[in-house]
Amino acid sequence: KKPAGAPDPKLARPVGKVGVVGAGLMASQLALVFARQLKVPVVLTDLDEARVAKGVAWVHGEIAKLREKGRLSDGAAQRLTANVTGTTDSAAAFADADLVIEAVFEELSVKQDVFRTVEKVVREDCVLMTNTSSLSVTAMASVLEHPERLVGFHFFNPVAVMPLVEVVRTTGATPTDDVTLATAFAVGKGLRKSCVLVQDAPAFVVNRLLTRFMSEASVVVDEGTPVEVAEAALDSLGLPMSNFELLGLVGPAVALHVAESLHAAFPERFPVSANLRRIVEAGLPGVYEKGTRTLTEAA
Ligand code: CAA
């Protein structure tokens, strides 16, 4: 069945090579899922050789684990490993890419710079995607000569497991065109994800709901409830992991970016937890993990 709002699937362009801008937590997971499910070459790029090498090594390590678990044959693991490469030279890497997706730092100006650079080196028919969780895709498209080829394509953590992708059509004078949108849905199908078409609104749909819930748990702790008590209460809801574990998985910095974007858009509904802000500023990534200190002690 065609997802609601998806254009004619026949419009989709074939994707034979993928470029990923960034080699961090999300970007590396994206490289793996694209290479594994679409069975195409994927090239990662980042600012320096060390970041590129770290991202590629992570992907190759995950492939080795899948082979050890018997989920990939030796041959498939070898082919997959060869298909995931990295470089700092995006001009060479992306010249023949059919699709380039970015998963760099969640800052509009950084992402706009990425797209300005990428558009100079890709073919005219290359589809561009952003994995942003909360920024305006339309604002990113505004710096492009061909804004109609940009689409939001938002995955969730862990990428290999979470079934949903939010597909974001831009608005404005030259919105995402049907060819780009159809390609996004076809790629989502190839990745075995369920795609939903969402509006280009702050934090789209899932993160808007999730952030309300996660922020409130942090604010409860801000107000003096120990993390362990909040976690025990949350356990009773039967969630796969507590808000605080989830924050560790997503990364407090990303969660703070989403909370701040939503606070800017809807100040009354989305408070930003003072502890979350202090934890990010102090660079304490693991503080929300189960069995660790309370947020107040950490702050
Ligand atoms: N990478 C790949 N596979 C993973 C994985 C990872 N990081 N973590 C778990 N898995 C796989 C396991 O291998 C296992 O697969 P099999 O069943 O095929 O063996 C399966 O997932 C279940 O894992 P476990 O039994 O070890 O653990 P679990 O049952 O507790 O599930 C979980 C782990 C799927 C992560 C679950 O805890 C969960 O769903 N948590 C909530 C995740 C969530 O809400 N994510 C959204 C975050 S918001 C976000 O990402 C948005 C944003 O933009 C900021």
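In this structure, is Val220 buried (at least 22 other Cβ atoms within 10 Å of the Cβ), out of contact with any Phe, Trp or Tyr (no Cβ under 7 Å at 6 or more places or on another chain), farther than 17 Å from Ala282 by Cβ and at pLDDT 85 or above? Spelling it out, it is not the case that Val220 is buried (at least 22 other Cβ atoms within 10 Å of the Cβ), out of contact with any Phe, Trp or Tyr (no Cβ under 7 Å at 6 or more places or on another chain), farther than 17 Å from Ala282 by Cβ and at pLDDT 85 or above.
Number of residues in region 80-118 that are free of Cβ contacts under 8 Å to residues at least 12 places away in the same chain and closer than 17 Å to Gly16 by Cα: the value is 2.
Restricting region 102-119 to residues that are in contact with a helix residue (DSSP H, G or I) (Cβ under 8 Å, 6 or more places away or on another chain), at pLDDT 95 or above and not aromatic (Phe, Trp, Tyr), the residue that is surrounded by the most Cβ atoms within 10 Å (Cβ to Cβ) is Ala103. A single entry from Thr225, Thr211, Thr183 fulfils the requirement of being in contact (Cβ under 8 Å) with a residue 24 or more places away in the chain, of a type in the set (Ser, Thr, Tyr) and either away from the ligand (no atom under 12 Å from the Cβ) or within 30 Å of Ala35 (Cα to Cα) (or both): Thr183. Here Met162 fulfils each of the conditions (1) within 16 Å of the ligand (Cβ to nearest atom); (2) assigned by TED's automatic domain parsing to the domain that holds Thr130; (3) in contact (Cβ under 8 Å) with a residue 12 or more places away in the chain apart from (3). Within region 105-148, being more than 28 Å from Ala259 (Cα to Cα) and not in a loop (DSSP other than H, G, I, E, B) holds for Thr117, Val118, Glu119, Lys120, Val121, Val127, Glu148.
Look at Phe204 and say whether it is at pLDDT 90 or above, within 12 Å of the ligand (Cβ to nearest atom) and not aliphatic (A, V, I, L, M). Judged against the criteria, Phe204 is a match. If you go through region 228-264 and keep only what is within 11 Å of the ligand (Cβ to nearest atom), among the aliphatic types (A, V, I, L, M) and in a helix (DSSP H, G or I), you end up with Leu246, Leu247, Leu249, Val250, Ala253, Val254, Ala255, Leu256, Val258, Ala259.
The values are calculated or read from the model by the stated rules, or taken from the named source; none is laboratory data. What you are looking at is a predicted structure, and each value in this text was computed from that prediction instead of being measured. Every residue, glycine among them, receives a Cβ derived from its backbone with ideal geometry; neighbour counts consider all protein chains shown.
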